[in-house]
1. When the helix-only estimate is applied to the chain (DSSP H runs of n ≥ 4, each -39,500 (n - 2.57), divided by the residue count), what is the mean residue ellipticity at 222 nm, nearest 500 deg cm²/dmol?
2. Name the shape class, rounded, prolate or oblate, that the alpha-carbon gyration tensor gives for segment 55-159, where a ≥ b ≥ c are the square roots of its eigenvalues, rounded holds for a/c under 1.5, and otherwise prolate holds if a/b is larger than b/c and oblate otherwise.
3. Full extension from Asn1 to Ala102: what is 0.36 nm times the residue separation minus their Cα-Cα distance, to one decimal in nm?
4. Any idea what the dipole of the chain comes to, in debye rounded to 20, about its Cα centre with Lys/Arg Cβ at +1 and Asp/Glu Cβ at -1?
5. Report the residue, chosen from Arg11, Arg161, Arg137, that carries the largest GNM mean-square fluctuation when the chain is represented by alpha-carbon nodes joined by springs under 10 Å.
6. In Å, what is the Rg of the alpha-carbon atoms in the chain, and how long is Dmax?
7. Could you tell me which of the pairs Lys30/Lys109; Lys31/Lys109; Lys33/Lys60; Lys81/Lys143; Lys87/Lys143; Lys31/Lys153 are separated by over 30 angstrom between their Cα atoms in the structure shown?
8. Could you list which residues have their amide H under 5 Å from that of Leu39, counting only those 5 or more apart in sequence or on another chain, with H placed in the peptide plane?
Amino acid sequence: NKATKILQVERGAIKEASGPVFASLDPSDKKVKLNPNALALIVGVADYEKTNADAIYADKDAQQFYDYARMKLGIPAKNIKELVNNKADLGEIALAVQDWIARSTKQGKTDVYIYFAGHGLASDDGKDMYLLPYDGRPRLLDKTALLRDELFKEIQQSNPRSVTVFLDTCYSGTTRGTDM
């Protein structure tokens with residue numbers, strides 16, 4: 001018992017979808033005004049020293065944000081500190097926040113941008129959130145990682161005009177793969 005039928009399918013010309021055009025909202029052609037009173041601390045950790053769970057592409061995301069900060073936020077290159085992979089250890093991040101941002105901020109005038117791409121982990125009880133630096137150890141968060149609220153408090157102490165924080169992290173404890 002067998003039946004056969006031959007079908008011939010022809011595809012017509014492809015028509016583009018029509019709809020509203022939002023050219024005025026496209027940021028790629030927008031010119032930005034230089035903001036000499038802005039600072040950006042950009043941190044991206046993909047390859048961790050003390051854990052096997054890498055944060056794939058976090059370093060590349062940070063490098064992309066550097067370009068965004070320059071071209072779309074108007075931040076001069078001299079006002080951007082970029083810490084990627086092994087340059088983003090706990091000591092370097094702490095120096096950047098407690099020394100560089102504190103020293104470079106003009107009270108009430110500076111716009112501070114913080115970008116962190118990498119692992120974010122919660123304490124065992126879930127009350128505290130941490131950002132894991134290059135040399136951080138997930139089992140010793142309180143000693144080797146940045147307490148998120150403490151980071152915010154230290155930045156606030158420099159009394160900037162505004163603070164915008166981008167955290168490209170998750171707090172689930174898993175990577176994009178299957179690692180913890």
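The values are calculated or read from the model by the stated rules, or taken from the named source; none is laboratory data. In this text, all values refer to a predicted model and were calculated from it rather than measured experimentally. Cβ atoms come from the backbone with ideal geometry, glycine included; neighbour counts cover every protein chain shown. Ligands, DNA and RNA are excluded from the accessible area calculation, which covers all protein heavy atoms including side chains. Shrake-Rupley method; radii C 1.70, N 1.55, O 1.52, S 1.80 Å.
1. On the way: 4 runs with 34 residues, N = 180.
Mean residue ellipticity, 222 nm, calculated: -5000 deg cm²/dmol.
2. Details: a/c = 2.06, a/b = 1.35, b/c = 1.52.
The shape class here is oblate.
3. Values: separation 101, 0.36 × 101 = 36.36 nm, distance 8.32 nm.
So the chain would gain 28.0 nm between Asn1 and Ala102.
4. Numbers: 25 positive and 25 negative charges, 152 e Å.
Magnitude of the dipole: close to 720 debye.
5. Top of the fluctuation ranking is Arg11.
6. Considering the chain through its Cα atoms, Rg and Dmax are 22.5, 86 Å.
7. Details: Lys30/Lys109 24 Å; Lys31/Lys109 22 Å; Lys33/Lys60 26 Å; Lys81/Lys143 24 Å; Lys87/Lys143 19 Å; Lys31/Lys153 33 Å.
Listed pairs above 30 Å: Lys31/Lys153.
8. When sequence neighbours closer than 5 places are left aside, the close amide H contacts are Asp111, Val112, Tyr113.
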